[in-house]
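Accompanying notes for the structure given below.
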Amino acid sequence: MHFTSETSSNGVVERTFTLDEITGVLWSPESGSGGGPLLLSGHSGGMHKRAPGLVAGALHSVTAHGFTVAAIDAPGHGDRPRNAEDQRRVDAIHRARATGDPLAPIVVEHNMSVAERAVPEWQATLDALQALPEIGADAQIGYGGMTLGVTTGLLLAAADPRIAALSIGAVFVNDALIEVARRITVPVEYRIPWDDEEIDRASGLALFDAFASTEKALHAHPGRYFQVPEHERDSSARFFARHLGGAVGTASD
């Protein structure tokens, strides 16, 4: 892991890094105390490691709860080039949106393809992060994300026992993702956008039902998947604080 820049503001140290072809960013408390939980944050499809909502959630998790937060660009996103097959799927998504054709089959295919490549990259990133003295091999690790980030997080949690908790949002669901959910036993907080025209509510409920976790919570909020209320961001951070450790904080933090 090679750190390429470092800035500090409002109690948060932000460092960008590269790891082979992976591009990422790490936010941590300015106090440098270390030893707190590590939160992995997966961005939505078409977005990147510095998506505004992701950054806002990361800063809140650091300042209010003492987490360290990492995000990486998924293959073909952010600072990473898109291959021909990914471009074909992205073009198909844009055409479907323009013509009003169903999006779900194309998005699911694309997300699964990207996520399958992203999982080993997240595992390599985790290895490198846990080698840092301020994080360490014993850090408790959670994962949060939306859409593409959810697909990636589910595959990662099913494959890597280091993921101890999941707080995830809306996602396009297929039978393969349902089968992945049946292998997940860690605590899960799952949010459904109740009024989204593209993401089917019933499939979201089916995914929640499939989780094998003995502790899971379902949250529904009005609006589209990108219209997540501020209180849900605080709920997610509190969820991780309960299951990973760290300061619980207050809703006004």
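Tell me, please, whether a residue that is touching a residue at least 40 places away in the same chain (Cβ under 8 Å), in a loop (DSSP other than H, G, I, E, B), of a type outside the set (D, E, K, R) and within 22 Å of ALA71 (Cα to Cα) can be found in the stretch 143-165.
yes
If we keep just the residues of the stretch 192-215 that are closer than 18 Å to GLY149 by Cβ, modelled with pLDDT of 95 or more and outside any loop (DSSP other than H, G, I, E, B), which is most open to solvent (accessible area, probe 1.4 Å)?
Step by step, filter the stretch 192-215, then rank; the result is PHE208.
Pick from VAL55, VAL69: which is assigned to a strand (DSSP E or B) and either at pLDDT below 95 or under 21 Å from GLU232 (Cβ atoms) (or both)?
VAL69
In the list ARG50, ARG89, ARG82, which residue meets the criterion of being open to solvent by 60 Å² or more (accessible area, probe 1.4 Å) and in contact with a helix residue (DSSP H, G or I) (Cβ under 9 Å, 6 or more places away or on another chain)?
Among ARG50, ARG89, ARG82, only ARG82 is open to solvent by 60 Å² or more (accessible area, probe 1.4 Å) and in contact with a helix residue (DSSP H, G or I) (Cβ under 9 Å, 6 or more places away or on another chain).
Identify all residues within the stretch 120-141 that are part of a loop (DSSP other than H, G, I, E, B), of a type in the set (A, V, I, L, M, F, W, C) and either open to solvent by 30 Å² or more (accessible area, probe 1.4 Å) or farther than 17 Å from GLY245 by Cβ (or both); write none if there are none.
ALA131, LEU132, ALA137
Between residues in the stretch 1-17 that are under 18 Å from SER61 (Cα atoms) and residues that are exposed (fewer than 10 other Cβ atoms within 10 Å of the Cβ) and at pLDDT 95 or above, which pairs lie under 7 Å by C-beta distance while being six or more apart or on different chains?
As it stands, the answer is GLU14/THR7; ARG15/SER5; THR16/SER5, since those pairs meet every condition given.
Would you pick out the residues in the stretch 216-247 that are assigned to a loop (DSSP other than H, G, I, E, B) and closer than 22 Å to GLY46 by Cα?
GLY223, ARG224, TYR225, PHE226, GLN227, VAL228, PRO229
Working only within the stretch 58-84, note down all residues that are of a type outside the set (A, V, I, L, M, F, W, C), more than 19 Å from ARG15 (Cβ to Cβ) and touching a His at 6+ places or on another chain (Cβ under 9 Å).
HIS77
Please work out which one of (1) under 30 Å from ASN10 (Cα atoms); (2) at pLDDT 95 or above; (3) aliphatic (A, V, I, L, M) is the condition ALA137 fails and give its number.
Going through (1) under 30 Å from ASN10 (Cα atoms); (2) at pLDDT 95 or above; (3) aliphatic (A, V, I, L, M) one by one, ALA137 breaks only (2).
Is one or more of the residues making up the stretch 67-77 without any contact (Cβ under 8 Å) to a residue 40 or more places away in the chain, open to solvent by 40 Å² or more (accessible area, probe 1.4 Å) and under 20 Å from the mean Cα position of the chain (by Cα)?
No: the stretch 67-77 contains no residue that is without any contact (Cβ under 8 Å) to a residue 40 or more places away in the chain, open to solvent by 40 Å² or more (accessible area, probe 1.4 Å) and under 20 Å from the mean Cα position of the chain (by Cα).
Can you go through SER167, SER235 and tell me which one is buried (at least 21 other Cβ atoms within 10 Å of the Cβ), closer than 19 Å to GLY145 by Cβ, among the polar types (S, T, N, Q) and within 19 Å of the chain's Cα centre (by Cα)?
Going through SER167, SER235 in turn, just one is buried (at least 21 other Cβ atoms within 10 Å of the Cβ), closer than 19 Å to GLY145 by Cβ, among the polar types (S, T, N, Q) and within 19 Å of the chain's Cα centre (by Cα): SER167.
In the stretch 142-164, which residues are crowded, with 23+ Cβ neighbours inside 10 Å and more than 17 Å from VAL107 (Cβ to Cβ)?
Once the filter is applied, which keeps residues that are crowded, with 23+ Cβ neighbours inside 10 Å and more than 17 Å from VAL107 (Cβ to Cβ), the stretch 142-164 yields GLY142, TYR143, GLY144, LEU156, ALA157.
Can you find a residue in the stretch 106-116 that is closer than 20 Å to ALA170 by Cα, surrounded by 18 or more Cβ atoms within 10 Å (Cβ to Cβ) and of a type in the set (Asp, Glu)?
Within the stretch 106-116 (the criterion being closer than 20 Å to ALA170 by Cα, surrounded by 18 or more Cβ atoms within 10 Å (Cβ to Cβ) and of a type in the set (Asp, Glu)), the answer is no, since none of the residues qualifies.
The values are calculated or read from the model by the stated rules, or taken from the named source; none is laboratory data. Computed from a prediction, not measured in an experiment: that's the story for all the values here. FYI the Cβ positions are ideal-geometry reconstructions off the backbone, even for glycines, and counts take in every protein chain you see. Please note that ligands, DNA and RNA were not included when accessible areas were found on the heavy atoms of the full protein model with its side chains. Shrake-Rupley method; radii C 1.70, N 1.55, O 1.52, S 1.80 Å.
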